[in-house]
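Below is one structure, written out as structure tokens; comments come after it.
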Amino acid sequence: MATNANGTSRAHIRLRFTEGVKAELRLVSKDGQQLTPSTTTVLLLNLSQNGLCFLSGLHLPVQHNYFVEFRMTISNVQIIVRGRIVWNAKQDNQYAHGVLFECSNTLRSLIIGVMNQEILERQPQQQKIHYLYSRLLNTKKLHYSG
């Protein structure tokens, strides 16, 4: 379980980006219509299966009447996901924003797979451990039926 800056625990592990992963952001209405004619590029700070944090010059409000949509490529996989801004904070002369995804379980599984692939690419020596744990999990699933 990960811990955030104020010491409270988070439910999911976050993949931190240190080499400047960028995403294209656009604002979308609840019914999927683009709210602005343009998109903007933002810097991703971290990603989890349920959300992400990004840095931008924009100060987006915490409201539930619109979505933010991201187009990003991680480990050579393009992901398009929508979510809601749940917090924002001034960071130097920009703003950090926290986003909670609104997506299907299928897309969430894809995000988890991409995160795992990114970890393996960053630390190839850990590949054998991931493989062993994966085999162990699959064996347990076969033996447990509930």
Flagged pairs (Cβ under 9 angstrom, 6 or more apart or on separate chains; first in region 72-93, without any contact (Cβ under 8 Å) to a residue 12 or more places away in the chain and farther than 13 Å from I111 by Cβ; second among the hydroxyl-bearing types (S, T, Y) and surrounded by 12 or more Cβ atoms within 10 Å (Cβ to Cβ)) are A89/Y95
Quiz item: Going by the conditions given, is N88 surrounded by 15 or more Cβ atoms within 10 Å (Cβ to Cβ) and either over 17 Å from E24 (Cβ atoms) or basic (K, R) (or both)?
Solution: yes
Within region 18-35, restricting to residues that are surrounded by 11 or more Cβ atoms within 10 Å (Cβ to Cβ) and of a type in the set (S, T, N, Q), the one that is farthest from M72 (Cα to Cα) is S29
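Throughout, read-outs are computed from the coordinates displayed, never taken from laboratory work. A quick note: this is a predicted structure, and the numbers were derived from the prediction, not measured. No Cβ is skipped: glycine too gets one built from the backbone with ideal geometry, and neighbour counts run over all protein chains shown.
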